[in-house]
Each structure stands twice: as C-alpha cells, then as structure tokens.
1. Mind listing just one residue for me: the one in the stretch 1-42 that is of a type in the set (Lys, Arg) and touching a helix residue (DSSP H, G or I) at 6+ places or on another chain (Cβ under 8 Å) and, of those, nearest to Pro67 (Cα to Cα)?
2. How about the stretch 105-117: which of its residues are farther than 16 Å from His87 by Cα and buried (at least 21 other Cβ atoms within 10 Å of the Cβ)?
3. Of all residues in the stretch 48-67, which are crowded, with 22+ Cβ neighbours inside 10 Å and in a helix (DSSP H, G or I)?
4. Just the residues that are over 22 Å from Pro193 (Cβ atoms) and either part of a loop (DSSP other than H, G, I, E, B) or touching a residue at least 24 places away in the same chain (Cβ under 8 Å) (or both), please, taken from the stretch 102-128.
5. Looking at Pro234, Pro163, Pro241, can you tell me which residue is under 19 Å from Ser148 (Cβ atoms) and in contact (Cβ under 8 Å) with a residue 40 or more places away in the chain?
6. For the stretch 39-60, which residues satisfy the criterion of being closer than 10 Å to Pro241 by Cα and in contact (Cβ under 8 Å) with a residue 40 or more places away in the chain?
7. Looking only at the stretch 102-148, count every residue that is acidic (Asp, Glu) and either at pLDDT below 95 or in contact with a strand residue (DSSP E or B) (Cβ under 6 Å, 6 or more places away or on another chain) (or both) and tell me the total.
8. Out of the residues in the stretch 80-101 meeting the condition of being among the charged types (D, E, K, R) and not in a helix (DSSP H, G or I), tell me which one is nearest to Tyr14 (Cα to Cα).
Amino acid sequence: MSITNYLTIDVEDYFHVSAFEKISPPATWAGRESRVGRNTDRVLALLDASSVKATFFVLGWVAEKFPQITKKIAAQGHEIASHGYLHQRVALQDRQTYRADIRRSKSLLEDQTGEQVLGYRAPSYSITRQTDWAFDELLEAGFQYDSSIFPMQHDFYGIPDWPRFSGYAVKEGNHWIARENPTDLNLSIREVPITTLRLRGRNFPIAGGGYFRLFPYAVPRWGLQQINQKEQQPFVFYLHPWEFDPDQPRMIGCSAKSRFRHYLNLGRTETRFKQLLQDFKFGRMRDSLL
C-alpha cells in the first residue's frame, strides 16, 4: 500500500515573504497589488483535477482581507490551518505580540469556516531553540499540532538535530525537546517537521519551495521516493501560491540572494507540481495525525 504524504500550501502573497521583510513591512501591504486570490484559485484547480486534498496554512492577514479565499478552500474539502496573522518570524516578536498574533489568526479562521483550527506553521518555519517558548503559546491557544521545525540549518530557521519525522515537542523544565511518545499530553504538542533527506550524515532540503524549483524534477522525486520506499515514512511537502505566478511584480531593493531564491524557475512550478501529484499519494495533515 502506498504511503499517504502531507501536502501543505502556505497561503501568503508574494510581498509577505521573509526575504522581503525589510522592504515590505506590513504598513505597505495594503498598497501593493495582491495576487494571492488568483494564485490560490490556480492551486485549487490543480488539486481538484487530481482529486487531491491538502492542508492550507492560511495567513490571517490574507483571510481577513479576502475571506472568500478561506471559505473556498474549506468548501472544497481541504483543511484550514493557521500561518499566524502577520508574516513575522517568531524571533522578531516578543511573547505578548506572538500570543496575540496566533490567537487572532486562529479565531479569525474558525469564524470564517465554522470549524476548529488544529494546526499551525510559523512564518518561515521560525520556531528554533531560541524561540521554543512558542510551543507554550501554541498549546495554550488550543493548537493540537505544529509543522514549523525544519531539521537543517538556514539563515532564517532550522533545528539541525531535531528528528526528521513526526513526533512530539515535549516540555521538560524550561525547554521543549523532541520525544516519540510523551508521557504527559498536557505538556506536549504533535510536531511534524518539514521533510529533509538524510545523506552522508547531513540533512538536505528536498520537499518544496525554492528547493523544488532549483533542481530538475528528477532530483526531488528520487529523494521523496527514498523517504517513502526506503525509510517507509510519509513526507511533508510545501509550496506557496506565489510560486505558481511567474508574472508577479518584482520587489525592488532586495538582495541578490533573495531575488535568486524567490524568482528562480517560477515558470516551472506548475508543470512539476502536476507531475508530483501523479507520482505520490497525498492527503490532509489532520486526517493522519489526530
């Protein structure tokens, strides 16, 4: 029997990404051309054509400005989860601000869909060792699972030594650590890390975003097959609606590295995504986790 993997879509606009945070602060967002609606519609059409259901981590700012997006996603049978309200990395917020952000988004999405929001993903996967207090806030806010940890090193995120597959974040003393089976569910939250491929003692990104666009499709397909077939584990795949939009406005003033990461091979995303949906079995996170 084939393994059901987790397909996740982070619903944010092109001007929300952390690579542009210095040149695109929230105060400027209302004045920018929004393309998140049409791009999300394109993703939904592709999923419908392949009869695939996914988990959509919706940014609260998007949901508040365009409530029809959330309602359309939910009406088509996909899971609505939270991406926070403002797309700000956890390390850039104090605890009180973070608390207000995640609760505002959760409440907003639940009001729009009439269903409990169980899952959360931090902007830019930014729960790290230094910001693990975020788990306290997620647990108190009523979230049942998180998918924020990337088990690799990156300039914006990463916990390289975190387990690569689904388990729990458990509070011991003043810190949160990984455990496969917690003894006290009241002091733990299900953690589903972003998938990496283990090669020569190191974890490599393989399951979405710019990495999916960087290499020929055969490379991520091979890596994801290794995870399903050799390791017998489901993988977490992620993309953003703006990655299906090669004609999006270009942001002025960002670094060359940010431009490379963001705009590389946008015109190839859709074709590769269609093939991905044929090559692997996918489903919603909440159906397998809880």
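1. This residue is Arg35.
2. Val117
3. Gly60, Trp61, Val62, Ala63
4. Within the stretch 102-128, the subset over 22 Å from Pro193 (Cβ atoms) is 103-104, 107-116.
Across the stretch 102-128, the qualifying residues are Arg103, Arg104, Leu108, Leu109, Gln112, Thr113, Gly114, Glu115, Gln116.
5. Pro234
6. To start, the set of residues in the stretch 39-60 that are closer than 10 Å to Pro241 by Cα comprises 39-44.
Matches in the stretch 39-60: Asn39, Thr40, Arg42, Val43.
7. Start the filter on the stretch 102-148 by keeping residues that are acidic (Asp, Glu), which leaves 110-111, 115, 132, 136-137, 140, 146.
Remaining after also requiring either at pLDDT below 95 or in contact with a strand residue (DSSP E or B) (Cβ under 6 Å, 6 or more places away or on another chain) (or both): 132, 146.
Residues meeting the conditions: 2.
8. Checking each candidate, the answer is Arg89.
The values are calculated or read from the model by the stated rules, or taken from the named source; none is laboratory data. Only a predicted model underlies this, so the values are computations on that prediction, with no experimental measurement involved. FYI the Cβ positions are ideal-geometry reconstructions off the backbone, even for glycines, and counts take in every protein chain you see.
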